[in-house]
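The values are calculated or read from the model by the stated rules, or taken from the named source; none is laboratory data. In this text, all values refer to a predicted model and were calculated from it rather than measured experimentally. Every residue, glycine as well, gets a Cβ built from its backbone with ideal geometry; the counts of neighbours run over all protein chains shown. The protein model used for the area step is the full one, side chains on, heavy atoms only, and it has no ligands, DNA or RNA in it. Shrake-Rupley method; radii C 1.70, N 1.55, O 1.52, S 1.80 Å.
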Amino acid sequence: MIITLKDGSTKEYASGMSVLDIAADISEGLARAACAGEVNGEVVDLRTVVDEDVELNILTFRDQAGMDAFRHTASHILAQAVKRLYPGAKLAIGPAIELGFYYDFDMDRALDNKDLAAIEKEMNAIVKEKLDIERFELPRAEALKLVEEMGESYKAELISDLPEDAVISFYKQGDFVDLCAGPHLMNTKEVKALKLISTAGAYWRGNEKNKMLSRIYGTAYNKKSDLKEHMVRLEEAKKRDHNKLGRELEIFTTSEVVGQGLPLIMPKGAKIIQTLQRYVEDEEEARGYEFTRTPVMAKSDLFKISGHWDHYKDGMFVLGDEEKDDEVYALRPMTCPFQYMIYKAKQRSYRDLPVRYSETSPLFRNESSGEMHGLIRVRQFHLADAHIMCTPEQVEQEFKDVVVLVQDMMQAIGIVNDVTYRFSKWDPEKTDKYIDNPDAWHTTQNVMRKILNDIGLEYEEADGEAAFYGPKLDVQFRNVHGKEDTLFTIQLDFALSERFDMTYVDKDNQKKRPYIIHRSSIGCYERTLAMLIEKYAGAFPLWLAPTQLKLLPITDNQIEYCRNIKKTLRGYGIRVDIDERAEKIGYKIREARMERIPYLAIVGQEESENNSLAIRSREKGDEGSIALDDFIKRIADENASKYIYHQHMIEESK
RNA sequence: GCCGACCUGGCUCAAUUGGCAGAGCAGCUGACUUGUAAUCAGCAGGUUACCGGUUCGAGUCCGGUGGUCGGCUCCA
């Protein structure tokens, strides 16, 4: 047989060889590093015997699949340790994940940090025991019998759900046997650097109707130094956590008596949001949006028409009692139907379209108590919301323009490279969640896919992530804990113009249904602020910084000069503070640095005499004396750089 | 909503088996008037999240409520 390797070279063998043997034949080092193999594109075990011509790639810890095999083995070591310490624990599942692995157990007691330390100790003992890991297969009936004898009811359920013809494999290391498709390493001794991170609850099979199991998260590396680095990175990430930093920097706070999920935005946070909002609304207006101001509540009837009452009543703040009151109101969870009413307030001609209505919209959603998180998931928030009503011919261009708008916003706040795109689609299985109209789903999804491909956007597709009324393009970001959330969204809606009986009169004098695009430009201000805090670790870009320049007089003699400078700079829209306290200059600098203020100006006698500022910038440190006029120009230029649409226009006119 | 952890001055943290709630920073007052990351001194600050229980005695033990955090589920 002939084996073709990744680099195109070939090896020839007379008889069948295991992947590991072939790796050893290539080099001893490769065999040592090998975690799994890839045969004709399929990830396999190192034990897999190859006996025909194939393309083979040896996977090490550097390959994602190799790393997964490695960490999957770590999860088995975790399971073995748990079984040794708590024989009553039942095994559920234990895969590798992006930054490590987990294993779910059904335990009769809760685990605390001491337990975690004990389990980790036992895991290290298992590594030291250098147990060989063996793979074996069993016919279905025998496999079932084996797991039932072991009392592993969850494993039995997994086997029962496998297709009739499925290969059922097990892995054994010492006294521990686990149902598992693999692949796995050859011996427990390879897992030299492991660490248990945390415990958590998780529903069996991810379904909240099932029992909640105990999940243990951990991570593993093939080098101790890499593990240490990983732990340092986790610590560093925690320092950027918006929920901690945002409070330290006095951007927001919360109060028990106000309530959960209701953050109080403090002056610095409010300044950032105001700055952002002015910018967003300027950009939107420049691109043909009009603004509306609609009520924060409505009669339940409105939400019944839209379908939100059926889908999300539990998640709405309802005012009144449906049983007793003639009229029940609800705080609005979204803006759509309000703007539709404005659309419907007069007859629309095809000549009027597209109509683009924007609103910085306060929204209220009664999220479950466990869902709230800092500024990322809250019960009241402000969405940079808009709805575009257009003809079928216009929808493609309108959608593309929205993508450009969103990308310009991301460029302005500097996060273009921190996001991923998700094409969120319908799931035909979830009949209770989605409007039952397969034709419309296929049509709109195809329209959207065509647009995305035209733009050349890199995106992943996700089934079952669409809104109930149509597919979405979601812009996703990760917080410091690695958790992904939707930052911005653009949605194609095929259902609501029908429900609200929205029309326009076309050229042929016929009434027709407009297409509707729902979109957020900069998303929800609270969430975007959270993301910015984490992205910049509190050191906001100049144009967003609540204070852009802090004047630090060296003695009281310079205070008057500083106050005059402040007045002048305010005239140019520059946000300036003065530290008038009788403190030493080093102390004032230290505090201002901790506040991450972009520019500090040390003002002594020299500066006050020749109308200058001794600038200390956040990035460069001490820059020496600069004439006031030069400094104003520098800040003004930096401040204006965010107006990307204006730049587009200037480019075009050239 | 579910699983688990946590909650002590504004912040960071102490307080032995249940035995007088304390420190640093921040704040206030005063002195100092200083040239690029912490000047000195004094003062004040607490129903230990809240409610209840056990106890001679609770920050500490038990129960409940609220909030925060990490997950799970959900996210129009």
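Worth a mention:
- Top-ranked residue in the stretch A:21-43 [being over 32 Å from the mean Cα position of the chain (by Cα) and open to solvent by 50 Å² or more (accessible area, probe 1.4 Å); ranked as nearest to A:Val191 (Cα to Cα)]: A:Arg32
- Residue list for the stretch A:224-267, restricted to those being charged (D, E, K, R), more than 11 Å from RNA strand B (Cβ to nearest atom) and open to solvent by less than 60 Å² (accessible area, probe 1.4 Å): A:Asp226
- Of all the residues in the stretch A:568-602, those that are closer than 16 Å to A:Lys271 by Cβ, open to solvent by 40 Å² or more (accessible area, probe 1.4 Å) and not in a loop (DSSP other than H, G, I, E, B) number 2.
- Qualifying residue in the stretch A:538-549 (condition: at pLDDT below 95, surrounded by fewer than 23 Cβ atoms within 10 Å (Cβ to Cβ) and among the aromatic types (Phe, Trp, Tyr)): no
- Here A:Cys562 meets each of (1) within 13 Å of A:Asp579 (Cβ to Cβ); (2) open to solvent by less than 10 Å² (accessible area, probe 1.4 Å); (3) within 11 Å of RNA strand B (Cβ to nearest atom) with one exception, condition (3).
- Checking each residue in the stretch A:205-223 for being closer than 30 Å to A:Arg47 by Cα, open to solvent by 40 Å² or more (accessible area, probe 1.4 Å) and either among the aromatic types (Phe, Trp, Tyr) or without any contact (Cβ under 8 Å) to a residue 24 or more places away in the chain (or both) picks out A:Arg205, A:Tyr217.
- Residue, nearest to the chain's Cα centre (by Cα), within the stretch A:597-626, restricted to residues that are more than 9 Å from RNA strand B (Cβ to nearest atom) and charged (D, E, K, R): A:Glu619
- Qualifying residue in the stretch A:549-558 (condition: out of contact with any His (no Cβ under 6 Å at 6 or more places or on another chain), closer than 21 Å to A:Glu250 by Cβ and either of a type outside the set (A, V, I, L, M) or more than 16 Å from RNA strand B (Cβ to nearest atom) (or both)): yes
- Those residues of the stretch A:257-295 which are touching a residue at least 24 places away in the same chain (Cβ under 8 Å), closer than 30 Å to A:Gly320 by Cα and under 28 Å from the mean Cα position of the chain (by Cα), in sequence order: A:Gly259, A:Gln260, A:Gly261, A:Leu262, A:Pro263, A:Ile265
- Number of the exception - A:Val147 against (1) more than 16 Å from RNA strand B (Cβ to nearest atom); (2) open to solvent by 40 Å² or more (accessible area, probe 1.4 Å): (2)
- Conditions (1) surrounded by fewer than 13 Cβ atoms within 10 Å (Cβ to Cβ); (2) closer than 22 Å to A:Lys130 by Cβ; (3) among the aliphatic types (A, V, I, L, M): number failed by A:Ile2: (2)
- Some residue of the stretch A:48-57 being touching a helix residue (DSSP H, G or I) at 6+ places or on another chain (Cβ under 9 Å), in a loop (DSSP other than H, G, I, E, B) and closer than 17 Å to A:Ala220 by Cα: no
- Among the residues listed as A:Arg62, A:Arg84, A:Arg71, A:Arg109, the single one being surrounded by fewer than 21 Cβ atoms within 10 Å (Cβ to Cβ) and within 18 Å of A:Lys172 (Cα to Cα): A:Arg84
- Residue match in the stretch A:292-301 (condition: outside any loop (DSSP other than H, G, I, E, B), open to solvent by less than 60 Å² (accessible area, probe 1.4 Å) and closer than 30 Å to A:Thr431 by Cα): yes
- Considering residues of the stretch A:309-330 that are open to solvent by 80 Å² or more (accessible area, probe 1.4 Å) and part of a helix (DSSP H, G or I) only, the residue farthest from A:Met372 (Cα to Cα): A:Asp310
- Just so you know, in the stretch A:178-204 the residues that are out of contact with any Phe, Trp or Tyr (no Cβ under 8 Å at 6 or more places or on another chain), open to solvent by 20 Å² or more (accessible area, probe 1.4 Å) and part of a strand (DSSP E or B) include one that is farthest from A:Glu142 (Cα to Cα), and it is A:Lys195.
- Taken over the stretch A:434-486, the residue count meeting the criterion of being within 30 Å of A:Arg240 (Cβ to Cβ), among the basic types (Lys, Arg) and at pLDDT 95 or above is 1.
- Qualifying residue in the stretch A:353-374 (condition: farther than 25 Å from A:Val505 by Cβ, open to solvent by 60 Å² or more (accessible area, probe 1.4 Å) and more than 21 Å from the chain's Cα centre (by Cα)): no
Here is a yes/no grid of residues against (1) of a type in the set (A, V, I, L, M); (2) in contact (Cβ under 8 Å) with a residue 12 or more places away in the chain; (3) part of a loop (DSSP other than H, G, I, E, B); (4) closer than 26 Å to A:Ile435 by Cβ:
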position	(1), (2), (3), (4)
A:Phe338	no, yes, no, yes
A:Ile342	yes, yes, no, yes
A:Pro392	no, yes, yes, yes
A:Gln397	no, no, no, yes
A:Asp408	no, yes, no, no
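- Number of residues in the stretch A:565-590 that are within 8 Å of RNA strand B (Cβ to nearest atom), charged (D, E, K, R) and closer than 23 Å to A:Ala537 by Cα equals 1.
- Against the test of being charged (D, E, K, R), out of contact with any Lys or Arg (no Cβ under 9 Å at 6 or more places or on another chain) and touching a residue at least 12 places away in the same chain (Cβ under 8 Å), the options A:Asp132, A:Asp108, A:Asp104, A:Asp161 yield a single qualifying residue, A:Asp108.
- Across the stretch A:19-50, the number of residues qualifying as touching a residue at least 24 places away in the same chain (Cβ under 8 Å) and among the polar types (S, T, N, Q) comes to 1.
- On the stretch given as the stretch A:328-366, residues that are of a type in the set (D, E, K, R) and either within 19 Å of A:His382 (Cα to Cα) or in contact with a helix residue (DSSP H, G or I) (Cβ under 8 Å, 6 or more places away or on another chain) (or both) total 4.
- Test set (1) surrounded by fewer than 17 Cβ atoms within 10 Å (Cβ to Cβ); (2) under 23 Å from A:Val404 (Cβ atoms); (3) in contact (Cβ under 8 Å) with a residue 60 or more places away in the chain - A:Leu457 fails condition number: (3)
- Selected residue (criterion: nearest to A:Ile376 (Cα to Cα)) from residues of the stretch A:447-497 that are more than 9 Å from RNA strand B (Cβ to nearest atom) and assigned to a loop (DSSP other than H, G, I, E, B): A:Pro471
- Answer residue from the stretch A:503-515, given it is surrounded by fewer than 20 Cβ atoms within 10 Å (Cβ to Cβ) and touching a residue at least 12 places away in the same chain (Cβ under 8 Å) and is nearest to RNA strand B (Cβ to nearest atom) among those: A:Arg513
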